[in-house]
Amino acid sequence: MGTEINDEVIRIMRVYGNSLYRMSFFLLRNEQDAQDVLQETLIKYIQKAPVFDTADYEKAWLLRVANNLCKDMLRFQKKNRHANIEDLLDMGITQEDGSLLTQVWSLPEKYKRAIYLHYYEGYSVLEIADILGITESAVKKRLERGRDKLREILKEEM
Amino acid sequence: MENRFKNMIDAVQLSEQDQNRIIAACQKERHVDNKWFLYSGRIAAAIVIAVMATTSVTAYAAVSAYQAYMESMSREEVQERYEIVYEGTRGWTLYSRSLTEEEENRKAELQEEYREGTLFPQQSMPYFNGETEAKPKDVEVSFDYVNEICYLPERELTDEELLQIIDLYEKANYSLQEINKEIVTEQATTPAPVSPEDWGMSENQALTEEEWITQLAESAYTQLTGEDAALAEWEINIRGDAESGGERWYLAQFGTEDLSGSICYEYDEEADGWVIKRYNRTVKEATDISVDTYSEEEIQQKISTICEDVTHKLRDVFGITDKIVKGEHDYGYHSKLLQVVLTTETGDRYRLYYFFSNEQIRDYSIYPVETRADFVIIEEGYATEFDIAE
């Protein structure tokens, strides 16, 4: 592999790796699957060699690819062993956060994506619509419904 | 709240070791068929890495002899090899003993010849289910696909045996690739249910919303009545948020010379798709016969037949696939109305109504019990439990 591409892979991993991994883990609930998605996203980056005007575009592209890969993974994977509390503790997550995460995982998939991109990554409705490839009204509805369900789980107002 | 959510997500971290491992894996990949790599996930990743670890990366593309060799596998063998990959969970990288350095070096050389299509094993390595079958005694190299152990003799492996190991992994990878291609193709032609929110982004842009629901309804109509939907006249009514308190639903009304009725679709959050929530069918100008002429035995026989039928209808027509754990019926001798309530293992209840008339089912509806409070509820003590048909 050329040195340039090699350096690019390292850069993408160092800058965006955790972000992509977190979203994938949040959606897939499985460490290995999330790592597979991350690896596949990097490979797609290598193969497509996209050119971006800004870092924001670059990140959005990577999240979009990872999101689509997660959707495919959920649709096609035959074994889908979800992480349990013990697994989360092994990952260094606290009991409280782990317990909370397992509850939040019960949200419907499409709400989770919108919730994650908005409340964790800080994307706007328009940006989320672009990443997920859906309409703005769909994003708003998913955020609204996801927030309602999340509120029940977390018992606080966002 | 936002902070709490963020803190929770922040706790998820990819270790530097895992980062480096993934970077290294990407650096070894020169060509990957993305779909098969992805769909088989960790297992395929392990296979790819295990196979490629000791060799320079070689593209899977076009060695005609190699391709022909793979294509010589029957469809049944490909399917079987695909399925056994998923029997195990640990990644197909275990040997009963480590390969020696000399064996590793020979394996790497043999692998190149294998991929160039110039050398294949004389026979395939036998594989077996280690939990239900005994290890083959007539060979010294075999693969337990449930426990994912490749059994090797203690002595130095022959070239043929090393080729069989290579062959096992290569055929597994090929089978994953082929079957996953089929899955992708099948999914592409069988669109998953979509919500109206996604309508604008659906790949089926050629269909209008009305055309799409008409297709669904016509298919259901044929299943429900056994008749050709093309012979019916259809009217589709779409109810939006304003009319139904925030939920969107479709009503497909049909009419033929003999029948009229409607099929109502609502969006099911759990199924993340559209399911039939209500179905009505009325026989036009049906002559009400007096079921009073039926003997008690005949009534019970009809009830029994309907109860048996309804469990299949719930699954086959209405798409409710949850296991039914309880069935109850209540027949009103005055109203001639038979109610059947089915309870699934998830606790959902579905009620169906049958009006006895002219020896035909005149009307039946199915919907979650909780949504129709205006109907008579089967009260405890009045309902008769019946056995669920398999």
Exercise for the section: Whenever you get a sec, compute what percent of the accessible area on segment A:23-140 sits on carbon and sulfur atoms (1.4 Å probe). Expected result: 47
Practice task
Taking 7 Å along the Cα-to-C-beta vector as the label spot, tell me the A:Val51-B:Glu257 distance in nanometres, rounded to one decimal.
Solution key: 6.9
Completion exercise
In nanometres, the difference between 0.36 nm per residue of separation and the alpha-carbon distance of B:Glu297 and B:Ser219 is 24.5 nm
Exercise for the section: With N denoting the number of residues in chain A, provide Rg(C-alpha) divided by 2.2 N^0.38 Å, to two decimal places. Expected result: 1.07
Fill in the blank from the handout: Under the 7 Å Cα-to-Cβ spin-label approximation, A:Lys155 and B:Gln122 lie apart by a distance in nanometres of 7.2
Handout entry: Accessible area buried, both sides summed, chains A and B with 1.4 Å probe, Å²
Key = 5100
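The values are calculated or read from the model by the stated rules, or taken from the named source; none is laboratory data. Treat the numbers as computed from the prediction; the structure is a model and nothing was measured. Ideal geometry is used to build each Cβ from the backbone, glycine not excepted, and the neighbour counts take in all protein chains shown. For accessibility, only protein heavy atoms count, side chains too; no ligands or nucleic acids. Shrake-Rupley method; radii C 1.70, N 1.55, O 1.52, S 1.80 Å.
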